[in-house]
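Structure first, commentary second.
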Amino acid sequence: MYGTSKYKRIVLKLSGEALAGDDGFGINPVVIKNLAAQVKEAKELDVEIAIIVGGGNIWRGKIGSDLGMDRGTADYMGMLATVMNSLALQDSLEQIGCETRVLTSIEMKEVAEPYIRRRAIRHLEKGRIVIFAAGNGTPYFTTDTTAALRAAEVNADVILMGKNNVDGVYSTDPKTDSSAVKFDELTYLEMIQKNLQVMDSTASSFCMDNDIPLVVFSITDDGNIKRAVLGETIGTLINK
């Protein structure tokens, strides 16, 4: 235990849709301020926090590809969407007194720092909240894979995956199947074998190979980020 928290360093993975709330598109100011407040609450436990946010509330590369766009171009557009979300989250965090840095995999020095592993670790050690933007800088990879990669690079103790539409991992979609069963704990191998699609297969295999625990929980319940950091039993724990 580190202080009162279970983890010393975490990677928080947020979907782009989590920033849109019920709007389903764009950035909802009320929602993003609530998320920032939850992150600050967790930061006050003296835990080091890195965040990766998707871009699905603005653009999804796969949608563009399905519409006939070049997949690489569509994915780069998705990376730029994550930068917009990251800057919005940074602004909300700094408005409530959280020192924050955005590091991008695609260089755009006028708005954010380039991602350098040692620099990211140094920011975390100094107590700054680090937001990783623009995926891993290459197309064909999701932000789930980026979360797994960055967690390994900065030696994070866990990935906390906040969902805005479900409170854990279920056997089937609980919104369409009333018999769906929620799992309190899974191994990565079980998750892959059951095809539960919590993360894409690349991210799942990477987490399994590098022994990175994953907690899937609801981001819409106030205080859940803090509860996850404290190690309370919420959502679903997935490990090796």
(message) Tell me the residue from Arg150, Arg128, Arg117 that is in contact with a Lys or Arg (Cβ under 7 Å, 6 or more places away or on another chain) and basic (Lys, Arg), please.
(response) Arg128
(message) Which of the strands (runs of 3 or more DSSP E) found entirely inside the stretch 117-213 contain at least 1 residues meeting this: buried (at least 17 other Cβ atoms within 10 Å of the Cβ) and among the aromatic types (Phe, Trp, Tyr)?
(response) 129-133
(request) State whether the residues of the stretch 154-167 include one that is modelled with pLDDT under 95 and of a type in the set (A, V, I, L, M, F, W, C). (result) yes
(request) Among residues belonging to the stretch 63-105 that are within 21 Å of Arg122 (Cα to Cα) and in contact (Cβ under 8 Å) with a residue 60 or more places away in the chain, point out the one that is surrounded by the most Cβ atoms within 10 Å (Cβ to Cβ). (result) Leu89
(request) Return the pairs, sorted by first residue and then second, in which the second residue is of a type in the set (Gly, Ala, Ser) and surrounded by fewer than 22 Cβ atoms within 10 Å (Cβ to Cβ), the first residue lies in the stretch 187-211 and is free of Cβ contacts under 8 Å to residues at least 24 places away in the same chain, the beta carbons are less than 8 Å apart, and the residues are 6+ apart or on different chains. (result) Ile192/Ser201; Ile192/Ser205; Lys194/Ser171
(message) With the requirement that a residue be in a loop (DSSP other than H, G, I, E, B), in contact with a strand residue (DSSP E or B) (Cβ under 9 Å, 6 or more places away or on another chain) and without any contact (Cβ under 8 Å) to a residue 60 or more places away in the chain, what does the stretch 20-47 give you?
(response) Asp46
(message) Can you report the number of residues in the stretch 218-229 which are touching a Ser or Thr at 6+ places or on another chain (Cβ under 8 Å) and surrounded by 24 or more Cβ atoms within 10 Å (Cβ to Cβ)?
(response) 1
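The values are calculated or read from the model by the stated rules, or taken from the named source; none is laboratory data. Since this is a predicted model, take the numbers as computed values, not measurements. Every residue, glycine among them, receives a Cβ derived from its backbone with ideal geometry; neighbour counts consider all protein chains shown.
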